[in-house]
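Notes for the one structure printed next.
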Amino acid sequence: PTDFEIGRDHELPELVVIGLDGHMNDEAGELAGLTQEEAGKRVLAWCEERGQLERTEPYRHSIGRCQRCHTRVEPLIMLQWWCAMEELAAPAIASIREGRVRFTPERFARVCLDWLENVRPWCISRQIWWGHRIPVWYCPDGHITVAETTPDACAECGSTELRQDEDVLDTWFSSALYPFATLGWPERTPELEAFYPGDVLTTARDIIFLWVARMIFAGLELMGTEPFHDAVIHSYLQNPEGRRMSRTLGTGIDPDEVLEPYGADATRYGLLKMASSQDPRFSFGSIEEGRKLAIKLWNVSRLLLQNAEGAEPAERPQALEERWILARLEVGRAELEDCLNRFDFAAAVKLLYRVTFDEFCDWYAEAVKPRLYDGDADARATALAALERLLKLLHIVMPHVTEEIWSRFHEDRLIVAPWPEPDDRYAADAEALDRVQDLARIFRRSSVLVELGGEERRIFDAVVKPGRVKADGNAAAELERLRGEVGRAEKMLANERFVENAPEDVVEAEREKLERYRRELDALSR
């Protein structure tokens, strides 16, 4: 407390006037036996009786209160055990500076370093009921023995009448040992050898110095190496009204209210989509999007499995849409790994939505459907192989529905199936349907139908079904509109104030629109 620091600076005597029972003690003189609140009122009355009270006025200041009973908490000077921090902090600082422990987002490395570089001695003893006992023993003569295991006798006088300190270690001291204590340390167990150090820690920003920093220096001190290589600091999810979710404040959302109507996979998907370096608001829309994706995946899987019954998964692509989807799944794998390596979970689910909903379901499945209906053996085998790849990618986000679908044509578990290996055999066809997709968007928007031939026409007809709509759009007008959109987007992105000041997602959306307009203009101009 500030008044304690001021007293220390001025070398004032350190008086303890409140006892452990919460009442004023003998040091308080006439106030002895009163509670703090009673004593405060008595002091005010004395001042008023003596004409020394000039005025009373309300003002705001911080008062500590017990979380459970809301009783006012008073600072109390007591003898405590402390841990010197300089020697412990130095290796942790070096680990962060040299990149052996990386923070995501990077700015939180500075938060951790600021604390470590200005760290004070750490009070590690606590007077609570539960925790690791302080490893200190006393003999009747008051000698202190500190030991790793229960000693048989006093280290100074040899007395066997030892009493262990009743205090326990600070909870965060015990928590700092978590990465290795849970694996059998101090014994060199097989689990410790296999799982220490770990790879990634994910936690909240408000315990960076309470837990993250302390785990780092504890691991370095006791194990000789950092307990993890990456610390991913997640944001705080606010409720839909923009308030921080808190059990104490009653501002949270009951998980059952989400899990019951939407399911675990949709909830997992939605929460990952909300992941951000800022504090996002909870969005039922993101959860609903996850539910729709799960339903879409289930339906397309039923379609493929029912029409490929008896077939074995094998990549035997004969048609353009098969080479294209295998190429797109490989592109998706590489992009997904990049997202995961950057711990960009929102980008990962956005990518998986595109690969599943847009590419696999809306284009590949629709294009290959006629061949499946005709009993094409190569199409059936390749469909199952493509579905295998998709399920592996989606499993990290939607483990339950993907595992269930997998079980319909595999005896083993998806969770133990190997991750897809890099495969560039079909890389040349990764963009083979770009123009077809651009023309599909143009037709759906403006009814302008551009002539296509060969496999492109077959796929366009299977997916878009242009015969259901009258193709009477004005191609010249659509070209003019696209040129206008390209010009507008280029002008916006050339504006430095817009690029520098607008939200990053708004700028990125404008870049994506410009790219799409250019592709559509090129497709229509050929």
Matching residues in region 242-266 - criterion: being under 30 Å from Glu106 (Cα atoms) and crowded, with 19+ Cβ neighbours inside 10 Å: Asp265, Ala266
Pairs, first in the same structural domain as Leu326 (by TED's automatic domain parsing) in region 366-389, second of a type in the set (Asp, Glu), C-beta under 6 Å, six or more apart: Ala367/Glu321; Val368/Glu321; Thr382/Glu315; Thr382/Glu322; Ala385/Glu315
Boolean, Phe103 is under 16 Å from Glu226 (Cβ atoms) and in a strand (DSSP E or B): yes
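To keep it simple, each residue is scored yes or no on (1) over 30 Å from the mean Cα position of the chain (by Cα); (2) buried (at least 17 other Cβ atoms within 10 Å of the Cβ); (3) under 30 Å from Thr104 (Cβ atoms).
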{"residue": "Ala311", "(1), (2), (3)": "yes, yes, no"}
{"residue": "Arg354", "(1), (2), (3)": "no, no, yes"}
{"residue": "Ala367", "(1), (2), (3)": "yes, yes, no"}
{"residue": "Ala385", "(1), (2), (3)": "yes, yes, no"}
{"residue": "Glu388", "(1), (2), (3)": "no, yes, no"}
{"residue": "Glu411", "(1), (2), (3)": "yes, no, no"}
Test: residue in region 57-72 that is of a type in the set (Gly, Ala, Ser), surrounded by 10 or more Cβ atoms within 10 Å (Cβ to Cβ) and touching a helix residue (DSSP H, G or I) at 6+ places or on another chain (Cβ under 8 Å): no
Test for Ser246: is it in contact with a Gly (Cβ under 7 Å, 6 or more places away or on another chain), of a type outside the set (D, E, K, R) and in a loop (DSSP other than H, G, I, E, B): yes
Elements of type helices (runs of 4 or more DSSP H) in region 358-438, at least 2 residues being touching a Ser or Thr at 6+ places or on another chain (Cβ under 7 Å): 377-394
Residue match in region 129-143 (condition: of a type in the set (A, V, I, L, M, F, W, C), part of a loop (DSSP other than H, G, I, E, B) and surrounded by 14 or more Cβ atoms within 10 Å (Cβ to Cβ)): yes
Subset tally (residues that are part of a helix (DSSP H, G or I) and either assigned by TED's automatic domain parsing to the domain that holds Arg107 or among the aliphatic types (A, V, I, L, M) (or both)) for region 251-260: 2
Residue identified as at pLDDT below 85 and not hydroxyl-bearing (Ser, Thr, Tyr) among Arg444, Arg457, Arg483: Arg444
Hits in region 466-491 - residues which are closer than 14 Å to Leu524 by Cβ and either in contact (Cβ under 8 Å) with a residue 40 or more places away in the chain or outside any loop (DSSP other than H, G, I, E, B) (or both): Ala475, Ala476, Ala477, Glu478, Leu479, Glu480, Arg481, Leu482, Arg483, Gly484, Glu485, Val486
Odd one out for Asp256 among (1) touching a strand residue (DSSP E or B) at 6+ places or on another chain (Cβ under 8 Å); (2) over 19 Å from Val349 (Cβ atoms): (1)
Residues that are closer than 30 Å to Arg244 by Cα and not in a helix (DSSP H, G or I), drawn from region 271-308: Met274, Ala275, Ser276, Ser277, Gln278, Asp279, Pro280, Arg281, Phe282, Ser283
Test: Ala523 is in a helix (DSSP H, G or I), in contact with a helix residue (DSSP H, G or I) (Cβ under 9 Å, 6 or more places away or on another chain) and of a type in the set (Gly, Ala, Ser): yes
Subset of region 296-317 [closer than 16 Å to Pro370 by Cα and modelled with pLDDT under 95]: Ala308, Glu309
Residue match in region 393-410 (condition: over 30 Å from Leu259 (Cβ atoms) and of a type in the set (Asp, Glu)): no
The one condition in (1) exposed (fewer than 12 other Cβ atoms within 10 Å of the Cβ); (2) in contact with a Phe, Trp or Tyr (Cβ under 6 Å, 6 or more places away or on another chain) that Met492 fails to fulfil: (1)
Residue in region 150-160 that is surrounded by 13 or more Cβ atoms within 10 Å (Cβ to Cβ) and in contact (Cβ under 8 Å) with a residue 40 or more places away in the chain present: no
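The values are calculated or read from the model by the stated rules, or taken from the named source; none is laboratory data. Nothing here was measured: the structure is a model prediction, and the numbers come from that model. Reconstructed Cβ throughout: ideal geometry from the backbone, glycine too, with neighbour counts over all protein chains shown.
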